[in-house]
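Comments concern the structure below.
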Amino acid sequence: MSVVPVTRIMLLISWASRVISTGLVTPLMVSSPKHGHRALLRASGGRVGLWRPKRNKGGTMRLTTIGRRTGRERSVIVAYFEDGPNLVTMAMNGWGEDEPAWWLNLQAHPNVEVELVEGHRLVTGRAAQGEERARLWARWGEIDKNLDEYAALRPTETAVVVLEPRSESDEPSISCEKTKSASAC
């Protein structure tokens, strides 16, 4: 893939992020950046599209869940930051009112896989509660200065999602969930 198409996709993602920040969010505006981001990741063979978080700036990772109805793998690119060994993201759908499908899938099947710049990691997801949620929300506020303003656009509280490392021996694994077969576990 040449530099020009990658640059155009990156510009599209940047433009869409600015438009979404105006508060005039439409389904097209929400879906265009995520499809463009996934296309960029696929076209570059994973070399472009995922990045580590930096001080006061989130990173991006590919989160793969198991569909709650289909049982098939579903992948999405989400922003995150690190909290010790854990990865932290937010369950938002472009600040729209609906919960994102990946969050509903993760609640049904919490053992998931993430792809980071440095490779794949098995994790278990859960919603942060109480003081932990308040602390992690404040950390997101350092990354996104308009966080509380955007959150006010949603009729429900935005879940702060903690992805904790797990070993392959923890059950059930993502491959067990896919096959739903005890012999694969």
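The values are calculated or read from the model by the stated rules, or taken from the named source; none is laboratory data. Predicted model, so just to flag it, every value in this text is computed and none were measured. Please note: Cβ atoms are built from the backbone with ideal geometry, for glycine as well, and neighbour counts cover all protein chains shown.
Got a number for residues in segment 116-144 being of a type in the set (G, A, S) and closer than 15 Å to T89 by Cβ?
4
Is it the case that V117 is touching a Leu at 6+ places or on another chain (Cβ under 8 Å), surrounded by fewer than 18 Cβ atoms within 10 Å (Cβ to Cβ) and of a type in the set (A, V, I, L, M, F, W, C)?
For V117, the condition - touching a Leu at 6+ places or on another chain (Cβ under 8 Å), surrounded by fewer than 18 Cβ atoms within 10 Å (Cβ to Cβ) and of a type in the set (A, V, I, L, M, F, W, C) - is met.
So is S75 of a type outside the set (V, I, T), surrounded by fewer than 19 Cβ atoms within 10 Å (Cβ to Cβ) and either at pLDDT below 55 or over 24 Å from E164 (Cβ atoms) (or both) or not?
Answer is no for this residue.
Give the residue that is surrounded by the fewest Cβ atoms within 10 Å (Cβ to Cβ), with candidates limited to residues of segment 78-106 that are more than 17 Å from L136 (Cα to Cα) and charged (D, E, K, R).
E97
Would you kindly identify the strands (runs of 3 or more DSSP E) lying entirely within segment 82-142 that contain at least 1 residues that are small (G, A, S) and touching a strand residue (DSSP E or B) at 6+ places or on another chain (Cβ under 6 Å)?
Of the strands (runs of 3 or more DSSP E) lying wholly inside segment 82-142, those with at least 1 residues that are small (G, A, S) and touching a strand residue (DSSP E or B) at 6+ places or on another chain (Cβ under 6 Å) span 86-91, 119-127.
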